Amino acid sequence: MGVIKGVLKEELENSLRMKSGYERELAKLPRGSLIRKIVKGHGYYYLLLRENGEVKFIYKGKVSGDEIKKYQDAKEYRAKYRKLLSQVKKQIRFLRSSLRGKESV
Amino acid sequence: MEKNQYDLCIKVLGRLEKSGVLKDVILIGSWCIPFYKDYFENVQYPTAIKSRDIDFLVPAPLKTNTKADIPKLLKDLGFIVDFKGPEGYIQLEHSDLIIEFLVPEKGRGSNKPYRLPQFGLNAQPLRFLDLLMLDTIKVKVEGIEINLPHPANFALHKLIIFQRRLREEKAIKDRNTAIEILKALINKGDAAVLLRVFNSMIPKWHKKVIKGLEEVKEKEILDLLTGGEK
């Protein structure tokens, strides 16, 4: 195997491991987003999530600042990890197609 | 990806500098090569393929007052913690970069990860890394001061380890990089520095360097280091 192909093969192994890593981190994040609704002048929180293709609002009532922060952080990390996971998937496609060639480079 | 990767690397270095970690570690591996740019100035030197791996060498034992939770420090950049191999060496992974911490392996050696509670992670012990710590240089990259092994140490180290590589393509890459850097050092007029570094090495390492040079038939470099005795 040529030097370039060797490097690409190692990068493919890295990307495959990273894909599992990002999927694992995404699964660890709390599901759903907190939504604040105003009812008769009072704010109440609902957890908005999708289950079996359906959107569900789960009543949470009044929640602590820590809980709000937890869901805010989760939302940020979910967006970040999804973006990076999509990049990793593109890398995997690119690396697989590059390694398919028979030339020894 | 190249620009994103470079920008991310600078962000990582910036955070490590701000937290006080960077002064205690040495950047090693293929990322050294682009950072040797200023050292070599007008001399042509290799532009080796750099992988996503960015390695930091930590002196063991680590004598520092710095305390930094590195995984936490880099989490919002998108780095996740992963464990390599059955030994569980920690590496911080991002789609553009993989960060690893290494320590020189001492004595009989052990595969056990070296604990670095000061930095919130562990490091992988590897042979011959002491050579990279013997002579270091400081370079400024985007205003960030980083420690790098002297190019002579870097090249001689590569010349030793290419013989131990299990993957042939990695061995070829290391060997080619070593020879190109050694030639660049000679062209720069640093033959005396190279000879000094070589002479400061232990006899066991001498033998390995000579064996490596003999294998690649680099007579000019071999003569320079051995005074034509080989």
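Here, each number is a calculation from the coordinates, and none is a lab measurement. The shown structure was predicted, so the numbers you read here are calculated from the model rather than taken from an experiment. Ideal geometry is used to build each Cβ from the backbone, glycine not excepted, and the neighbour counts take in all protein chains shown.
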**Study point:** Cα-based convex hull, region B:51-114, per residue volume (Å³, whole number)
**Key:** 98 Å³
Study note, to complete from the structure: In degrees rounded to 10, the 0-90 angle between helix A:65-100 Cα long axis and the longest Cα principal axis of chain A is 20 degrees
Check your understanding: When only C-alpha pairs under 8 Å and at least 6 residues apart count, what is the relative contact order of region B:139-230, in percent?
Key -> 25 percent
Check your understanding: Going by how many other Cβ atoms sit within 10 Å of their own, how do B:95, B:19, A:97 line up, fewest first?
Key -> A:97, B:19, B:95
Practice item. Express the relative contact order of chain A as a whole percentage, based on alpha carbon pairs under 8 Å and six or more residues apart in sequence. Key: 39 percent
Check your understanding: Roughly how tilted is helix A:3-28, in degrees to the nearest 10 and between 0 and 90, from the longest Cα axis of chain A?
Key -> 10 degrees
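Starting from the Kirkwood radius over alpha-carbon pairs of region B:105-230, derive D by Stokes-Einstein at 37 °C in a medium of 0.692 mPa s and give it in µm² s⁻¹. If you can, show how the numbers build up before the last one.
On the way: Rh = 15.9 Å.
For these conditions, the coefficient is 207 µm²/s.
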Exercise for review: Can you tell me the 0 to 90 degree angle between the C-alpha axis of helix B:151-161 and the longest principal axis of chain B, rounded to 10?
Suggested key: 90 degrees
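Starting from the Kirkwood radius over alpha-carbon pairs of region A:28-70, derive D by Stokes-Einstein at 20 °C in a medium of 1.002 mPa s and give it in µm² s⁻¹.
Numbers: Rh = 11.2 Å.
Reported coefficient: 192 µm²/s.
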Study note, to complete from the structure: Charge dipole of the protein assembly as shown built from unit charges on the beta carbon (Lys, Arg +1; Asp, Glu -1), centred at mean Cα; most positive-end Cα among B:176, A:27, B:113 is A:27
Exercise for review: Grab the DSSP H runs of chain B that are 4 residues or longer, score each as -39,500 (n - 2.57), total them, divide by all residues and round the 222 nm result to the nearest 500 deg cm²/dmol.
Suggested key: -13000 deg cm²/dmol
Point to revise | Inter-label distance for residue A:57 and residue A:70, nm, one decimal - labels placed 7 Å from Cα along Cα-to-Cβ | key: 2.2 nm
Exercise for review: As a check on your grasp of the helix formula, calculate [θ] at 222 nm for chain A: sum -39500 (n - 2.57) over DSSP H runs of n ≥ 4, divide by the residue count, round to the nearest 500.
Suggested key: -21500 deg cm²/dmol
Review point. Dipole size in debye (nearest 20) for chain A around its Cα centre, Lys and Arg Cβ +1, Asp and Glu Cβ -1?
Key: 300 debye
Study note, to complete from the structure: Per residue of A:21-34, other chain Cβ atoms within 10 Å number on average 2
Check your understanding: Assigning unit charges at the beta carbon (Lys, Arg +1; Asp, Glu -1) and nothing else, what dipole magnitude in debye, to the nearest 20, does chain B show about its Cα centre?
Key -> 620 debye
Point to revise | Modelled label reach - residue B:196, point 7 Å along Cα→Cβ, region B:150-164 residues with backbone N closer than 14 Å | key: B:150-153
Review point. Can you sort A:42, B:206, B:157 by how many other beta carbons sit within 10 Å, fewest first?
Key: A:42, B:206, B:157
Check your understanding: At residue B:167 and residue A:49, where each label point lies 7 Å from the Cα along Cα→Cβ, what is the point-to-point distance in nanometres?
Key -> 3.9 nm
Review point. At q = 0.13, 0.17, 0.18 Å⁻¹, what log₁₀ I(q)/I(0) does a Debye calculation on the Cα points of chain A give, no solvent, two decimals?
Key: -0.64, -0.84, -0.90
Review point. Leaving out same-chain residues fewer than 8 places away, which aspartates and glutamates sit with a Cα under 15 Å from that of residue B:63?
Key: B:24
**Study point:** Part-to-part distance (alpha-carbon centres) for region B:65-81 and region B:94-168, which is given in Å
**Key:** 19 Å
**Study point:** Distribution of pairwise C-alpha distances over chain B, 10 Å bins, in %
**Key:** 7, 32, 36, 20, 4, 0
Check your understanding: Past the 18 Å Cα-Cα mark, which pairs from B:50/B:138; A:70/A:90; A:28/B:72; B:84/B:106; B:75/B:140; B:158/B:217?
Key -> B:50/B:138; A:70/A:90; B:84/B:106; B:75/B:140
Point to revise | Choice from A:22, A:44, A:81 showing the highest fluctuation, given a GNM over chain A with Cα pairs closer than 10 Å | key: A:44
Review point. Taking one equal scatterer on every alpha-carbon of the protein assembly as shown, how large is log10 of I(q)/I(0) by Debye at q = 0.06, 0.09 1/Å?
Key: -0.28, -0.58
